[in-house]
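Notes follow once the structure below has been shown.
The values are calculated or read from the model by the stated rules, or taken from the named source; none is laboratory data. This one's a predicted model, so the numbers in the text were calculated from it and none came from an experiment. For neighbour counting, all protein chains shown are included, and Cβ atoms are generated from backbone atoms with ideal geometry for every residue, glycine included.
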Amino acid sequence: MQPHAKTRRRSQFIFLLIILLWSITMGWGLALATNAQPSSEQEATEIGTVDIVPSRYQLGQELYLENCATCHIALPPAVMPTQTWQKLLQDPQHYGVTLPQLVDPSRLLIWNYLRNFSRPLLKEETTPYRLGESRYFKALHPNVKLPRPVDVGSCVSCHPGATEYNFRRLSPEWEATQ
């Protein structure tokens, strides 16, 4: 074998080795970035919603609470399907009350938050507009005898922190069953 061919083959091997090491390093770095653990400050505070809200959605959550929780208990997005939230954001008629329309960018920030934390309907499902009609609400409340009719005001009977958007804390009788 000629010395030139040997050098070329060695440089190809080194090049492939560098690419392999670079790929492993990038994959490891991405894995660390996407699986980042919450800081000790976040762990120390009680999480009121069902999910930890990443910083890119926190402003949308704050705007949602400012616009919705001033009149009634703000529901976690997961209890209603995405299509319900979309319709509610577009319709000025809100359960018999005419509301001023939200304008961009606030509307988009709220929509991004709601869309990210809600779930889609099945193809054959109709869009529910009442809490008791939502299969997600029912799925989140297995073995719970719900009052008739279910409304946002009845949340406080089992979730005493609901007015502060804390649905993790349960009333003492429900804590005992957990």
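State which residue is nearest to SER118 (Cα to Cα) when the search covers only region 137-161 and only residues that are free of Cβ contacts under 8 Å to residues at least 40 places away in the same chain and of a type in the set (Gly, Ala, Ser). The selected residue is ALA139.
For the structure I just gave you, tell me whether VAL103 is surrounded by 12 or more Cβ atoms within 10 Å (Cβ to Cβ), without any contact (Cβ under 8 Å) to a residue 24 or more places away in the chain and among the β-branched types (Val, Ile, Thr). No: the conditions fail for VAL103.
Of all residues in region 109-130, those that are surrounded by fewer than 16 Cβ atoms within 10 Å (Cβ to Cβ), among the aliphatic types (A, V, I, L, M) and within 15 Å of the chain's Cα centre (by Cα) total 0. Cβ-Cβ distances below 7 Å connect the following pairs, each with a first residue in region 54-65 that is touching a residue at least 40 places away in the same chain (Cβ under 8 Å), a second residue that is of a type in the set (Phe, Trp, Tyr), and a separation of six or more residues or different chains: TYR57/TYR113; GLY60/TYR113; GLN61/TYR113; TYR64/TYR113; LEU65/TYR165.
Residues that are under 28 Å from PRO160 (Cα atoms) and either over 21 Å from the mean Cα position of the chain (by Cα) or modelled with pLDDT under 85 (or both) within region 73-108 comprise HIS94, TYR95, GLY96, VAL97, LEU99, listed in sequence order.
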